[in-house]
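See structure below.
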Amino acid sequence: MSTRLATGGRLIDRSKQQSFTFNGKRLTGCAGDTLASALLANDQMLMGRSFKYHRPRGVVASGAEEPNALVGLGTGARFEPNQRATTTELFDGLSATSQNHWPSLEFDVGAVNTKLARFLPAGFYYKTFMWPRSFWKHVYEPVIRQSAGLGKAPDAETRDADTYEHFYAYVDHLVIGGGIAGLETAKRLGETGARVLLVEQTAHWGGRAPVDGGEVEGQPVTEYIAGLLAALNAMENVTLRSRTMGAGIYDHGYALAYERLSDHAPTTQGPRHRLWRIRAGQIVTATGAIERPLSFAGNDIPGVMLASAVRDYVENWAISPGDRTVIVTNNDDAYRTALVLKSHGLDVPAIIDARVLPTDSALMAEARAKGIAIHQGHAIDHVMGTKRVRGVAICSHAGEGGAVIEEIPCECVAMSGGWSPVVHLWSHCGGKLNWDQANAMFRPDLTRAPTGDKGQAFVTPAGAANGAMTLGDVLEDAVAAAERASGDTRTSDAPKAVVAVEAPLAPVWMMPQGASIKHRMKAWLDYQNDVKVSDVQLAAREGFESVEHAKRYTTLGMATDQGKLSNINGLAILSGALGAEIPQVGTTTFRPPYTPISMGAIAGEARAEIFQPIRKTPIHDWLDKNGAEWEPVGHWRRPYCIKQAGETTEQAVHREVKNTRENLGLLDASTLGKLIVKGKDAGKFLDMLYTNMMSTLKPGRCRYGLMCNENGFLMDDGVVARIDEDTFLCHTTSGGADHIHAHMEDWLQCEWWDWDVYVANVTEQYGQIAVVGPNARKVLEAIGGMDVSKEALTFMGWADGELAGIPVRVYRISFSGELSYEIAVKASYARELWDLLMSVGKQFNVMPYGTEALHIMRAEKGFIMIGDETDGTVIPQDLNLHWAISKKKEDFMGKRAHERADMAREDRWKLVGLETVDGSVLPDGAYAVGEGTNANGQRNVIGRVTSTYHSPTLGRGIAMGLVLHGPDRMGEVIRFAKTDGTTMIDAKIVDPVFYDKDGEMQNV
Amino acid sequence: MRSYSAFAVAREAARYHMGWERAWASPEPKKKYEVIIIGAGGHGLATAYYLGKNFGITNVAVIEKGWLGGGNTGRNTTIIRSNYLQDPSAAIYEKARSLYETMSQDLNYNVMFSPRGVMMLAQTQHEIRGYQRTAHANALQGVTTEWISPGRVKELVPIINLDGPRYPVLGALWQARAGTARHDAVAWGYARACSDMGMHVIQKCEVTGVRQEGGKVTGVTTTRGDIGCDKLGIVVAGHSGHVADMAGFRLPVESVALQALVSEPIKPCMDVVVMANTVHGYMSQSDKGEMVIGGGADGYNNYTQRGSFHHIEETVRALVETFPMISRLKMLRQWGGIVDMTGDRSPILSKTPLEGCFINCGWGTGGFKAIPGSGWGMAELMAKGQSPLTDAFSLDRFKEGRFIDESVAAGVAH
């Protein structure tokens, strides 16, 4: 059984006992424990179930590479699935549940899959579940979905109780990884005076070095690390962050780091995670290396662990993984685990070393001296046990398995297949790798680094991440990395380390090397996704020869650990099966993030009310208090209508239309886009942008203009006012302000950069109120301050003046067909003016109106609406707006496009009015059907509805639409289909101007 | 070709699966083929497949620079739908969707087409009108869609937040027979079927030139030698511009990276596909349990298949608002695919200025769902010189201004 040793544990504080639960069972750990170490201390070897076969799973690693020990953490609004126990720091009150089993972790019905495993090899689902056809959706897929997945989904109805935030940092050097290499590099870089940010994913500095031991500059390595840390902390230009993982590296020195602020102490105030968004001149990846498992039968049984992880558990957390641990290895490093176990009084019955070496290396000799039996040239034939290791059967490594030489009882197997540098971050942005045959690992190719805008390398690896495997080499490379990053040449030598000389590793990808198919079917590569050696070989046999094919066919490396333990082993098996060299087969692509990061952290602060903050006009609050029914329009809200007590939406809209037509309506038009276009060439510029002539407009006058894109399609409309010789104010649609501004800048900056024109978006600088209806002039006269008479301010004119002392600019324009003034004021005056208009307007029956009334009134008048009558495929000619297209101008945006064959086509659909025969309202977007079907069997259509409303003014449905030969077919009845495609509505083609055809109302 | 079935799996299990044959052959290129398709992605393989199946043309090579299905076929978000607005789009996407329905049986390869339903949320009045228009158009195009209420949306997607403080859900356009499929399997299934018809799928063979004589195509130059052909189909998505350049013509196409990501797997919590165009994001849950999330396309031209971060942030923000529970899930992996975008965001399936040379490109962000329809139409175009499915998508539409613009209905996400 696994248990806590009586002494030791460099990271735990035995005086601080912490209580936690696992599957409801109350257990106790120590401060400084991870959840994994605390579970092991309580003999909880079984921690989860695998994805496909529901095999029992125990912890195999001690860090971010862990594929097995995943738990659901927390409860309710703080529940989180798929948390690695190895990177979860224990806290008092922690509550964890294991995953992917039913009814319980110990007795999982799904484990029947393990019995059927022979029938469920890689990719079996591509070959089966095809008949009967309907069964995929209704039977097979639901069953597969239920058994797949890992953790439970968080509750849908509770919002995440935690908050998140983003930090932005700009540094000269970002060093990722706070092991001894990262610390040494950061110190060297810090000494140059540059700004340095050093991040470390765990809560501790020093990485593996304190566990692996050794001496640097005559001091124990732990003291040397403490010295480095002290030096770094003393530098003002260096920032250190622990619990902060380098998550991804992107183009141009952009990097993400993921800081876990309160996962280890959930009662802390403040955000849970912080996403660092970093621009760095140079990035150093001191990300260490990950030990590889060995592929032997039963290597997935709980109790089989990485040799380095066993060492970590003993040294860091004083865990005995069992009284007897068998070591199996192809290298010297695992001997350190044997020695550590021995030094804590634990038994190591055997070291099974696949190598046959002529002489003992230093570590071997030390192990032998401690009385440990070393079986050279041997292998594990299979591991005995089901839910935990009972022992190992050993055989000759050269054989094919089955010829068991000896069975050795044990509780733990510590395996080591060598080390793989963590090259993920190096690779994210295009860093390339070389295969190092001697060490059997991929390491960064420094000549093919990720490059920046000038072709300069901006990422450099340091230490084990660069393939340096001994303490001395790591420190040497850390100093070299600092030089590569800073460009400074060496000022002092690398610190000297005392290290044992190790015998070379021998690559072992399968154990024993000729393992039979029965062995290979039980030798796991990817523990979480249940991919075995036999699966990868099957993929190769079936022609999935590309490493990407093999990955996708078998799901190797696609689990939550993204293949940190399995990729290289799987790749080696694949290349073996193909008879190819490992570098020829290549790796799959490394993608961010290094380990999964929370969606909450990605979203950051932008949640709920401040997810896309609402833009508010100066009158927003008044409208909100007085019954506005809001609708989102771009980033604004506009009132659909302003309801009075007891009214339905429809009643409110009809009242607003009626009152505006009969008395006086007020519209908050502040959202209307307002762009100042200024400069000597402003007129010339607007002549190019609008289809009509703007340069001839006189100061003091307004003109309605149309804007087309390069393809001739109508993109925006609005009233342009000429303020003075050099200045125009262009009104755009509410939704169009930003992109029309961008459109103008695009042309000014890219094409007409030598024109004297400047554009400023002043949309928010002004409030704008439309005063509309027969009483519009009366209310302005009652307020007083400027002459708004018919003679003084004619239709399509504007004037500056004052109303009750408020400086205003009044435009005499109308979008409703009524007498109308649009009054622009500085935003800070808008509310005052609104209140004034509301109070003085009382005697004239003033009422505010919303967007729906606005739309109805413009439709009654036959005015087009961008986004209704236009959809990016409509040209002004389709809307009978020929009058707004200049014939005199040599060029304007869209002019040449309008000459293209399809634009000049006679049979383009044209704008007409539509009246249903029965007076009902046509459905929005309905199509008019023609005769027969087209070559693809679709019903032929001859037109469509673009806007449709009930007109309270006319007491019937009115609509506008685009119809084939429409203007030539006045009075004809055509048929519109409902969404069932068969029910038809008859509508008569009429003039689109339904109300006040001669414009008598607006010209009073 | 030996047929796949549960019995075959059982039979092979008895001999430890040692008896499975290759899914597709790995032949040496011949000197000449009747038809060469450049690009062994879904569209290229489907073109070859329907050339054989519908027109009996099997002297075909599909040439691939990398590994088959390794471009956008293997890096999309697997959504299949046909609720398009414009007639030509609806025709080809609906043809594709209907072929997906029987693809597993037709190919004897389980592509896991799952008609789980796709909904497109309306979150503004403008979107309501747009989707109602699409619903009307679809009714006449033979595409079954319906407008559904917020209540029905919640029934179908219990994890959705209807009343987000910013953009409440006002309804949705729902296509019940739309859904997802296993993207890699589509390429693999077609490759296997093509190989079975005697066609050559040649991987790791890069085309370096297009050979022509008297204005007519005669073959291609490749890293594995010259290969002759009577007809050439260029089906290379993001690299269309390069290959067109070899053939001597230019395309109105730009290549940009489209961003996507998946979460860690969780137990089933969402059975349908949801697209939210106002806030720019869409999401479904794979059979493996991952939430598959699509984002926007980068705003700059690019050939690297790398993920960038700003779109991921925007998309995840939008989806955390739409599905608050995903806040406590984690992003497992993000990636990018190079999509070829035309001016009207609709594809090009067309003859080219070079006689005998045809092009299929410009699928932009929406190609996966079109694969079988695109292959069907492209095969007909190459075999007969004309196809009603592809007529409207010819290259000359950009000269004539005859655009097929779906932006009304599609917003950002296809």
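The values are calculated or read from the model by the stated rules, or taken from the named source; none is laboratory data. No experiment lies behind these values; they were computed from the predicted model shown. A quick note on method: Cβ atoms are made from the backbone with ideal geometry, for glycine too, and the neighbour counts reach across all protein chains shown. Heads up: the accessible areas ignore ligands, DNA and RNA and are worked out on the full protein's heavy atoms, side chains in. Shrake-Rupley method; radii C 1.70, N 1.55, O 1.52, S 1.80 Å.
Here are a few things to note about the model shown:
- Of all residues in segment A:201-215 being more than 15 Å from A:Gly463 (Cα to Cα) and of a type in the set (A, V, I, L, M), the one that is farthest from the chain's Cα centre (by Cα): A:Val211
- Test: residue in segment A:638-661 that is in a loop (DSSP other than H, G, I, E, B), crowded, with 16+ Cβ neighbours inside 10 Å, in contact with a helix residue (DSSP H, G or I) (Cβ under 9 Å, 6 or more places away or on another chain) and touching a residue at least 24 places away in the same chain (Cβ under 8 Å): no
- Taken as a whole, the structure leaves A:Leu11 outside the set of residues that are closer than 27 Å to B:Ser327 by Cβ and not charged (D, E, K, R).
- Within segment B:14-25, residues that are facing chain A (nearest Cβ under 7 Å) have Cβ atoms under 6 Å from residues that are aliphatic (A, V, I, L, M) in these pairs: B:Tyr16/A:Ile517; B:His17/A:Leu538; B:Trp24/B:Ala191; B:Trp24/B:Val201, counting only partners at least 6 apart in sequence or on another chain.
- Filtering segment A:672-701 to residues that are part of a strand (DSSP E or B) and open to solvent by 10 Å² or more (accessible area, probe 1.4 Å) leaves A:Ile676, A:Lys678, A:Arg701.
- Qualifying positions in segment A:896-936 - within 11 Å of chain B (Cβ to nearest Cβ), more than 22 Å from A:Asp986 (Cα to Cα) and open to solvent by 40 Å² or more (accessible area, probe 1.4 Å): A:Arg896, A:Glu899, A:Arg900, A:Ala901, A:Ala904, A:Arg905, A:Asn934, A:Ala935, A:Asn936
- Failed criterion for A:Leu183 (all others in (1) more than 23 Å from A:Ala559 (Cβ to Cβ); (2) open to solvent by 40 Å² or more (accessible area, probe 1.4 Å); (3) aliphatic (A, V, I, L, M) hold): (2)
- B:Arg11 open to solvent by 70 Å² or more (accessible area, probe 1.4 Å), within 14 Å of chain A (Cβ to nearest Cβ), within 13 Å of A:Lys127 (Cα to Cα) and out of contact with any Asp or Glu (no Cβ under 9 Å at 6 or more places or on another chain): yes
- Top-ranked residue of segment B:175-230 - restricted to ones that are part of a strand (DSSP E or B) and among the small types (Gly, Ala, Ser), ranked as nearest to B:Ser26 (Cα to Cα): B:Gly225
This table checks each residue for (1) over 46 Å from the mean Cα position of the chain (by Cα); (2) hydroxyl-bearing (Ser, Thr, Tyr).
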{"position": "A:Leu339", "(1), (2)": "no, no"}
{"position": "A:Ser343", "(1), (2)": "yes, yes"}
{"position": "A:Ala350", "(1), (2)": "yes, no"}
{"position": "A:Ala367", "(1), (2)": "yes, no"}
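- For segment A:616-632, the set of residues classified as over 20 Å from B:Thr315 (Cβ atoms) and within 12 Å of chain B (Cβ to nearest Cβ) consists of A:Glu629, A:Trp630, A:Glu631, listed by residue number.
- Residue ID - surrounded by the fewest Cβ atoms within 10 Å (Cβ to Cβ), chosen from residues in segment A:120-146 that are more than 7 Å from every other protein chain (Cβ to nearest Cβ) and of a type in the set (Val, Ile, Thr): A:Val143
- None of A:Ile225, A:Ile249 is within 14 Å of another protein chain (Cβ to nearest Cβ) and either at negative phi or open to solvent by less than 10 Å² (accessible area, probe 1.4 Å) (or both) except A:Ile249.
- From the options A:Met865, A:Met893, residue that is more than 17 Å from A:His965 (Cα to Cα) and touching a Cys at 6+ places or on another chain (Cβ under 7 Å): A:Met893
- When every residue of segment B:295-303 is checked against the conditions, at least one turns out to be open to solvent by 20 Å² or more (accessible area, probe 1.4 Å), part of a loop (DSSP other than H, G, I, E, B) and not β-branched (Val, Ile, Thr).
- Boolean, A:Thr268 is modelled with pLDDT of 95 or more and open to solvent by 10 Å² or more (accessible area, probe 1.4 Å): no
- Verdict on B:Val274 being in a strand (DSSP E or B), more than 9 Å from chain A (Cβ to nearest Cβ), touching a Ser or Thr at 6+ places or on another chain (Cβ under 9 Å) and farther than 17 Å from B:Glu313 by Cα: yes
- Where B:Ile159 falls short, out of the listed (1) more than 29 Å from A:Asp980 (Cα to Cα); (2) crowded, with 23+ Cβ neighbours inside 10 Å: (2)
- Residues in segment A:559-607 that are assigned to a loop (DSSP other than H, G, I, E, B) and among the polar types (S, T, N, Q) were compared, and the one that is nearest to the other protein chains (Cβ to nearest Cβ) is A:Thr560.
- Those residues of segment A:58-98 which are among the charged types (D, E, K, R), open to solvent by less than 10 Å² (accessible area, probe 1.4 Å) and within 12 Å of chain B (Cβ to nearest Cβ), in sequence order: A:Glu80
- Complete set of residues in segment A:41-53 that are open to solvent by 10 Å² or more (accessible area, probe 1.4 Å) and either touching a helix residue (DSSP H, G or I) at 6+ places or on another chain (Cβ under 7 Å) or closer than 21 Å to B:Leu329 by Cβ (or both): A:Arg49, A:Phe51, A:Lys52
- No other residue among B:Tyr84, B:Tyr93, B:Tyr50 is outside any strand (DSSP E or B), away from chain A (no Cβ under 13 Å) and in contact (Cβ under 8 Å) with a residue 40 or more places away in the chain apart from B:Tyr50.
- A:Trp630 being open to solvent by 10 Å² or more (accessible area, probe 1.4 Å), among the aromatic types (Phe, Trp, Tyr) and without any contact (Cβ under 8 Å) to a residue 12 or more places away in the chain: yes
- Counting only residues that are under 24 Å from A:Phe91 (Cα atoms) and not acidic (Asp, Glu), segment A:182-210 holds 10 of them.
- Of all positions in segment A:338-356, at least one carries a residue that is closer than 30 Å to A:Ile176 by Cα and either open to solvent by 10 Å² or more (accessible area, probe 1.4 Å) or among the β-branched types (Val, Ile, Thr) (or both).
- The criterion of at least 1 residues that are open to solvent by less than 10 Å² (accessible area, probe 1.4 Å) and without any contact (Cβ under 8 Å) to a residue 60 or more places away in the chain is met, among helices (runs of 4 or more DSSP H) falling completely within segment A:760-870, by A:776-783, A:851-860.
- Screening B:Ile79 against (1) of a type outside the set (Gly, Ala, Ser); (2) surrounded by 24 or more Cβ atoms within 10 Å (Cβ to Cβ); (3) under 17 Å from the mean Cα position of the chain (by Cα) leaves a single unmet condition, (2).
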